[in-house]
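Novice: Let me give you the structure first, and then I'll get to my questions.
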Amino acid sequence: MKVGIATGQDLTEISVMFERSYSVLLAPDYEGDLLRTALPIMGRARPALVTSGRFFTVRHAGKLVGAGGWSPHAPGNPLDRTNAHVRHVATDPSALRMGVGSALMKAIFAQARASDVAQLMALSTRTAVPFYAHHGFRRLRDITVPLGGRVAFPCVEMLRVL
């Protein structure tokens, strides 16, 4: 497995992997209609995030099997710099339990610490709560995240001190 910094050339491949991951892995925890409506929004890689230097890819045998990163501000609100945020961590369903997510979190934690970040927030899907808990995050509260201004998506706000 190789962890690297994402570039603009990775955008399409990351979006395809996000859609594949979210459509399979989130299905047990979210109603079908909600997921079908949310996927086109959630499954699109954000160019500014991907090219920020704070977004990582994981490749295995040349195939993209994971991606994720962090930002120094709240998603959708660059003025809120209260806490840094983990963003769009996803693993391809074919690569589950291979350490892909852990490799991403290790890279995120290292870079965030080097940037003097004291704590990270995560807006976790219901599905990913055990993953984030395994990596030292604690559950704060259930929230609803407005996706694209038209989809109310249930999530869990989580926090980890670095």
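The values are calculated or read from the model by the stated rules, or taken from the named source; none is laboratory data. Keep in mind the model is a prediction, meaning the values are calculated, not measured. A quick note on method: Cβ atoms are made from the backbone with ideal geometry, for glycine too, and the neighbour counts reach across all protein chains shown. For the accessible areas, the whole protein counts, side chains as well, though only heavy atoms, and no ligand, DNA or RNA atoms are used. Shrake-Rupley method; radii C 1.70, N 1.55, O 1.52, S 1.80 Å.
Novice: Near Asp92, within a Cβ-to-Cβ distance under 13 Å, what is the net charge of the other residues, with Lys and Arg +1 and Asp and Glu -1?
Specialist: Values: positive: Arg20, Arg59, Lys63, Arg97; negative: Glu13, Glu19.
Overall, the nearby charge balance is +2.
Novice: Okay, moving on. If Val161, Val3 are ordered by their accessible area, calculated over protein heavy atoms with a 1.4 Å probe, which sequence runs from highest to lowest?
Specialist: Details: Val161 100, Val3 60 Å².
Largest to smallest exposure gives the sequence Val161, Val3.
Novice: List the DSSP H helices in the chain whose Cα atoms stretch 20 Å or more along the helix axis and whose mean Kyte-Doolittle hydropathy is at least -0.5. If you can, show how the numbers build up before the last one.
Specialist: Working: long enough: 11-25 (21 Å, 0.62); 100-114 (21 Å, 0.87).
Sorted by number, the helices that extend far enough and score high enough are 11-25, 100-114.
Novice: Return the calculated 222 nm mean residue ellipticity for the chain, to the nearest 500 deg cm²/dmol, obtained by summing -39500 (n - 2.57) across DSSP H runs with n ≥ 4 and dividing by the residue count.
Specialist: -9500 deg cm²/dmol
Novice: Tell me, what is a quarter of the convex hull surface for the C-alpha atoms of the chain, in nm² with one decimal?
Specialist: Here the figure is 8.7 nm², rounded to one decimal.
Novice: At 0.36 nm per residue, and after removing the present C-alpha to C-alpha distance, how many nm does the segment from Gln111 to His134 gain when stretched out fully?
Specialist: Details: separation 23, 0.36 × 23 = 8.28 nm, distance 1.93 nm.
Once the chain is fully extended between Gln111 and His134, it gains 6.4 nm.
Novice: Once you charge only the Cβ atoms, +1 for Lys and Arg and -1 for Asp and Glu, what is the size of the charge dipole of the chain about its Cα centre, to the nearest 20 debye? Intermediate values should be presented prior to the final figure.
Specialist: Numbers: 19 positive and 11 negative charges, 69 e Å.
Once rounded to the nearest 20, the dipole reads 340 debye.
Novice: Peptides 54-64, 114-124: what's the order by average Cβ count within 10 Å, highest mean first? Let's see the in-between values first.
Specialist: Numbers: 54-64: 17.8, 114-124: 16.1.
In descending order of packing, they fall as 54-64, 114-124.
Novice: To check my understanding: the extent here is largest minus smallest coordinate of the Cα atoms along each principal axis. What are those three numbers for the range 78-128, in Å, largest first?
Specialist: 36, 24, 14
Novice: What ranking of Leu34, Leu96 comes out by heavy-atom accessible area, probe 1.4 Å, highest first?
Specialist: Details: Leu34 40, Leu96 75 Å².
So, going from the largest accessible area down, we get Leu96, Leu34.
Novice: Positive end of the charge dipole of the range 10-162 (Lys, Arg +1 and Asp, Glu -1 on Cβ, about the Cα centre): tell me which of Thr125, Met98, Pro154 has its Cα farthest that way.
Specialist: Checked the options; the winner is Met98.
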